[in-house]
Amino acid sequence: MARRAQKGSHDAFTELVLRYGGRLYPFLAQKNVPAIEVEDLLQDTFLKAYMNIHRYQHRSKFSTWIFTIAARLAIDRYRTGIRWKSLDEEEPVAEKSVDRLEQQEQKQNLWRLARQLPDNQYRALWLKYAEKMSIAEIARVMGKSRANIKIILYRARINLASRMKQSPDYEMPDGFENHNPQAGE
């Protein structure tokens, strides 16, 4: 099959891909490479093999030649700075993407609701949660006392919680309404 591929037979090379792709995949996957990277490495392996099929010498098995290409590509990719997590640590990409999108959507809905609050309440919430400022810093920025900022934040949270209950786009997080303004920051 490899000889026919060397002579230019696309069908022969396709047969080699079908024959060795299923064997190369687990070989690359056992090196703690994420599934998406395994797919890329597999494609790169066959692309490199196709471009260099003229270099294959028949004194060794084709499987040895193709596995050597795959192993070297994996090592090169690792050396160029890509550090793969263990497959055990890797969460499926689709799940991560969905979770991330849901969190972003929730955050956008929350800030959309917060924009409906009076300006000083919205500004205080923004400075506290988006800019991560302390009560003292917010007081300086807004030109108010710390006690006043605590009251503004308390009222903002109560008003926001009320709007969140009425909004079909947002689920109320546990304990949100029970925030005690006397607890400090």
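The values are calculated or read from the model by the stated rules, or taken from the named source; none is laboratory data. Keep in mind it's a predicted model, so treat the numbers as computed, not measured. All Cβ positions, even for glycine, are placed from backbone atoms using ideal geometry, and neighbour counts span all protein chains on display.
Look at D174 and say whether it is touching an Asp or Glu at 6+ places or on another chain (Cβ under 9 Å) and modelled with pLDDT under 80. In short, no.
What number of residues in region 119-171 are under 27 Å from Q104 (Cα atoms), part of a loop (DSSP other than H, G, I, E, B) and out of contact with any helix residue (DSSP H, G or I) (no Cβ under 7 Å at 6 or more places or on another chain)? Qualifying residue count for the region: 5.
Does R23 fit the bill of being of a type outside the set (F, W, Y), out of contact with any Leu (no Cβ under 7 Å at 6 or more places or on another chain) and touching a residue at least 40 places away in the same chain (Cβ under 8 Å)? Taking the combined requirement at face value, the residue satisfies it. Considering region 130-140, and only residues there that are without any contact (Cβ under 8 Å) to a residue 12 or more places away in the chain and touching a Leu at 6+ places or on another chain (Cβ under 9 Å), the residue that is surrounded by the fewest Cβ atoms within 10 Å (Cβ to Cβ) turns out to be E137. Look at (1) loosely packed, with under 13 Cβ neighbours inside 10 Å; (2) at pLDDT 85 or above and you find that A114 fails only one, number (1). The C-beta contact set for region 141-170 (first residue in the same structural domain as W126 (by TED's automatic domain parsing), second residue crowded, with 16+ Cβ neighbours inside 10 Å and of a type in the set (F, W, Y), distance under 7 angstrom, 6+ apart or interchain) comprises M164/Y170.
Taking the criterion of being assigned by TED's automatic domain parsing to the domain that holds T14, crowded, with 17+ Cβ neighbours inside 10 Å and within 14 Å of Q6 (Cα to Cα), would at least one residue in region 35-50 satisfy it? Yes, there is a match, as at least one residue in region 35-50 is assigned by TED's automatic domain parsing to the domain that holds T14, crowded, with 17+ Cβ neighbours inside 10 Å and within 14 Å of Q6 (Cα to Cα).
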